[in-house]
Amino acid sequence: MATTIPSNRAAFTLAEVAQATGGELIGDAGARVVGVTTDSRAVAPGALFVALVGERLDGHAHATAAVAAGAGALLVMRPVAVDAPRVVVRDTTAALAGLARAHRDRWEARGAGRRIVAITGSAGKTTTRRATAALLTEVSRQVHATTGNLNNAVGAPMTLLGLGEEHDTAVLELGTSSPGEIGHLAEMARAHVGVVTLVAAAHTERLGGLDGVATEKGALLRALPTDGAAVFFADDPRVRRLASESPARARVGFGHGDDADVRVIERRVIDPSRSSITLSARGAHLTFELPLLGRAGALAAAAAVAVAVALGHEVPTDEQATRAFSALADGADGRLAATTLGDGSWLLDDSYNANRASMEASLEAASELARASGRRLVLVLGAMLELGALEDGEHAAVADRARGAGPAVVVAVGAPARVIAERCRDSAEVASVDRAADAVPWLARARRAGDVILVKGSRGVGLDAVADALRHGDPT
Ligand SMILES: Nc1ncnc2c1ncn2[C@@H]1O[C@H](COP(=O)(O)OP(=O)(O)OP(=O)(O)O)[C@@H](O)[C@H]1O
Ligand SMILES: [Mg+2]
């Protein structure tokens, strides 16, 4: 599901590139480049080619091809085989952030009221970013937003470089898998509004426990200006503390509790792909239809309303919210996306990824749907990866929730998930398999027409193949 990085028209003189990156210029300081790219195959004539060095690829090997394709200049950290105007830096990834920051700064300076919204969290970033971009567009902002999941040290600066004169708002997704990343991205983005969706056990192998995760996400709120706004998930004391430590004077909490400024007060299943949500915000009530299931969708919508309010907009009307969020119907990409199968079963494909918080949210959503419709619940649950020392405890906690969801059938995929099947053994038909492919024939036997089938696990477990098999007519 890799997303192609969109092209941009960011323009710099080579002197500006050298200044923004702290690099050494070899060539004509006044020469201009238009468009910044990290992919030699995507070079447009006159562009700046940035040679990134990753785990598997080294852009320096493609410098000759980039120049042949018309690159006007190179941003490099090593000698290359081709003679072209270039800026030499110590680290091209850091230099890319420097360029994005310079582009962002001049974009802000050129128009009044231009605003950057940045979103981070252990889950819900993409859902919240899509909801926020849709709602801000509905209230007449000219939004530029992250596409796909381009939230890392390459995707985030490339997104910022796409800001143009036609935009007045950026909605950025910022992701992290190792300590310090959010701090760097936050320094580059210099957001006016920072959003923390959730602090949960994800990437704890590298971030080190929940406190480590909180510190990492908190970097976004710590970097806000005093006249900025911290938008935060108010149900979690850890996240509330992060918001209270932010220098931003405005704080807008969203969640379920009484103290949330934007509060989810009702969530009703309409059908497998739609909910009706009622929020309270600033003393007003707002009811709208949302093409997403479960608390994750409702919280994303609440966060979007909180951002709109933080930017000084009125609480949207019911019609505005329904219209804006209808855009979320497409492109859920394995995030609790509902499909009706040939036999009338409802497949909830949440194979995109999993951690305990998102597992719990999806189990709740699936069990609500099964109960509301009087259908059987079938769970296909894969292991949650990259948890380090928390692995056993997190799987045991999910096992309890899975049992509580009242499934008729449970298939656990991968060794760490085995405990889920064990915990449900006395109340459901269960199986444990090692590979995603092994779940398919087993499911074909155990499932019945009309079931609600939830498929969820870490991306590395590959449960998207199970969802695909169900969608494309498994042999029943
Ligand atoms: N607030 C939430 N609480 C629990 N689970 C959530 C929440 N928001 C989203 N999820 C679930 O988390 C999963 C990923 O959602 P989403 O893609 O929005 O997250 P993300 O943070 O962008 O992920 P990534 O780190 O891959 O970019 C989905 O299964 C979704 O249902
Ligand atoms: Mg994402």
Those residues of the stretch 28-43 which are under 17 Å from residue 66 (Cα atoms) and surrounded by 15 or more Cβ atoms within 10 Å (Cβ to Cβ) amount to 32, 33, 34, 35, 36, 37, 38, 39, 40, 42, 43
When every residue in the stretch 122-149 that is modelled with pLDDT of 95 or more and in a loop (DSSP other than H, G, I, E, B) is compared, the one least open to solvent (accessible area, probe 1.4 Å) is 146
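Across the stretch 71-85, what is the total count of residues that are under 34 Å from the mean Cα position of the chain (by Cα) and open to solvent by less than 50 Å² (accessible area, probe 1.4 Å)?
Filtering the stretch 71-85 for residues under 34 Å from the mean Cα position of the chain (by Cα) gives 71-78.
Of the ones still in play, those that are also open to solvent by less than 50 Å² (accessible area, probe 1.4 Å) are 71-76.
Number satisfying all stated conditions: 6.
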Of the residues in the stretch 1-27 that are crowded, with 19+ Cβ neighbours inside 10 Å and β-branched (Val, Ile, Thr), the one that is farthest from residue 99 (Cα to Cα) is 5
Within the stretch 44-65, restricting to residues that are open to solvent by less than 20 Å² (accessible area, probe 1.4 Å) and of a type in the set (Gly, Ala, Ser), the one that is nearest to residue 90 (Cα to Cα) is 51
Going through (1) within 14 Å of ligand 2 (Cβ to nearest atom); (2) over 17 Å from the mean Cα position of the chain (by Cα); (3) not polar (S, T, N, Q) one by one, residue 182 fails only at (2)
Residue pairs within 9 Å by beta carbon, gap of at least six or interchain, first lying in the stretch 92-107 and assigned to a helix (DSSP H, G or I) and open to solvent by 10 Å² or more (accessible area, probe 1.4 Å), second of a type outside the set (A, V, I, L, M, F, W, C) and at pLDDT below 95, listed first then second, are 93/54
Practice task
Return yes when residue 298 is in the same structural domain as residue 139 (by TED's automatic domain parsing), at pLDDT 95 or above, within 15 Å of ligand 1 (Cβ to nearest atom) and over 18 Å from residue 362 (Cα atoms) and no when it is not.
Solution key: no
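Residues being of a type in the set (S, T, N, Q) and either free of Cβ contacts under 8 Å to residues at least 60 places away in the same chain or assigned by TED's automatic domain parsing to the domain that holds residue 351 (or both): count how many of those fall in the stretch 443-476. Spell out the reasoning first.
Start the filter on the stretch 443-476 by keeping residues that are of a type in the set (S, T, N, Q), which leaves 458, 476.
Add one more test, that the residue is either free of Cβ contacts under 8 Å to residues at least 60 places away in the same chain or assigned by TED's automatic domain parsing to the domain that holds residue 351 (or both), and what stays is 458.
Final tally of qualifying residues: 1.
Residue-wise test of (1) free of Cβ contacts under 8 Å to residues at least 12 places away in the same chain; (2) over 22 Å from residue 258 (Cβ atoms); (3) open to solvent by less than 50 Å² (accessible area, probe 1.4 Å); (4) within 16 Å of ligand 2 (Cβ to nearest atom).
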site: 286; (1), (2), (3), (4): no, no, yes, no
site: 292; (1), (2), (3), (4): no, yes, yes, yes
site: 304; (1), (2), (3), (4): no, no, yes, yes
site: 324; (1), (2), (3), (4): no, yes, yes, no
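Do we find that residue 193 is in contact with a Leu (Cβ under 9 Å, 6 or more places away or on another chain), more than 24 Å from residue 389 (Cβ to Cβ) and either buried (at least 17 other Cβ atoms within 10 Å of the Cβ) or touching a residue at least 40 places away in the same chain (Cβ under 8 Å) (or both) in this structure? Give the steps one after another, and end with the answer.
On the way: in contact with a Leu (Cβ under 9 Å, 6 or more places away or on another chain): yes; more than 24 Å from residue 389 (Cβ to Cβ): yes; either buried (at least 17 other Cβ atoms within 10 Å of the Cβ) or touching a residue at least 40 places away in the same chain (Cβ under 8 Å) (or both): yes.
Taking the combined requirement at face value, the residue satisfies it.
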Sole miss for residue 393 among (1) free of Cβ contacts under 8 Å to residues at least 40 places away in the same chain; (2) more than 23 Å from residue 460 (Cβ to Cβ); (3) not assigned by TED's automatic domain parsing to the domain that holds residue 132 is condition (2)
Restricted to the stretch 248-276 and to residues being open to solvent by 50 Å² or more (accessible area, probe 1.4 Å) and touching a helix residue (DSSP H, G or I) at 6+ places or on another chain (Cβ under 7 Å), the residue nearest to ligand 1 (Cβ to nearest atom) is 267
Those residues of the stretch 103-153 which are more than 16 Å from ligand 1 (Cβ to nearest atom) and of a type in the set (Gly, Ala, Ser) amount to 109, 111, 112, 113, 140
Taking the stretch 320-363 and keeping residues aliphatic (A, V, I, L, M), farther than 17 Å from residue 382 by Cβ and under 15 Å from the mean Cα position of the chain (by Cα) leaves 328, 332
Listed by range, strands (runs of 3 or more DSSP E) wholly within the stretch 341-415 having at least 2 residues that are open to solvent by less than 30 Å² (accessible area, probe 1.4 Å) and away from ligand 1 (no atom under 13 Å from the Cβ) are 377-382, 409-413
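The values are calculated or read from the model by the stated rules, or taken from the named source; none is laboratory data. Fair warning: this is a prediction, and the values are worked out from it, not measured in the lab. Every residue, glycine among them, receives a Cβ derived from its backbone with ideal geometry; neighbour counts consider all protein chains shown. Calculation scope for accessible area: heavy atoms of the full protein, side chains included, ligands and nucleic acids excluded. Shrake-Rupley method; radii C 1.70, N 1.55, O 1.52, S 1.80 Å.
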